[in-house]
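**Q** After the structure tokens below, expect a handful of questions from me.
The values are calculated or read from the model by the stated rules, or taken from the named source; none is laboratory data. If you're wondering where the values come from, they're calculated on a predicted model, not measured in any experiment. Positions of Cβ are backbone-derived with ideal geometry, glycine not excepted, and every protein chain shown enters the neighbour counts. Quick note on the areas: whole protein, heavy atoms, side chains included, nothing else; ligands and nucleic acids left out. Shrake-Rupley method; radii C 1.70, N 1.55, O 1.52, S 1.80 Å.
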Amino acid sequence: MTDFWDADGDFDYEAHHEAGQRNKATETAQRIGYPAMADAFHYFGLQDRPNSTFTPELLTALDTRQVQLEKIEAAPADEEIKHLQRQAEEATRAILAMIDSAT
């Protein structure tokens, strides 16, 4: 269990809320059968969304973005990192557009 009390003895409401949102994203990812996507669901605020939100197109876009982020972390050269970051940003914009059009 996470301790949400800071060094001064004050309760950290923001950390508590954030942990709850991450838990909901994990539950959502497991519910729809994509447990590895929990971080992406949290990042895009997809926790607690109905299953119909997760279209094949959205799941493919989320997966593509995740692959780009993993490549960025493993990329050896600055130019390659910049190129991969642009691709990840494009994927992020596409995902946000899909989410916005579904609501």
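**Q** Being open to solvent by less than 70 Å² (accessible area, probe 1.4 Å) and hydroxyl-bearing (Ser, Thr, Tyr) is the filter here, so list the residues in the range 48-77 that pass it.
**A** Taking the range 48-77 first, the residues open to solvent by less than 70 Å² (accessible area, probe 1.4 Å) are 49, 53-55, 58-59, 61-62, 64-69, 72, 75, 77.
Scanning the range 48-77 gives 53, 55, 64.
**Q** So, one more: Of all residues in the range 78-92 being under 16 Å from residue 61 (Cβ atoms) and open to solvent by 80 Å² or more (accessible area, probe 1.4 Å), which is farthest from the chain's Cα centre (by Cα)?
**A** Residue satisfying both the conditions and the ranking: 86.
**Q** In the range 1-47, what residues are closer than 27 Å to residue 91 by Cβ, acidic (Asp, Glu) and surrounded by fewer than 13 Cβ atoms within 10 Å (Cβ to Cβ)?
**A** Passing the criteria: none in range.
**Q** State which residue pairs qualify: first residue closer than 12 Å to residue 64 by Cβ and inside the range 74-91, second residue not in a helix (DSSP H, G or I) in any location, beta carbons under 7 Å apart, and separation of 6 or more residues or different chains.
**A** As it stands, the answer is 84/75, since those pairs meet every condition given.
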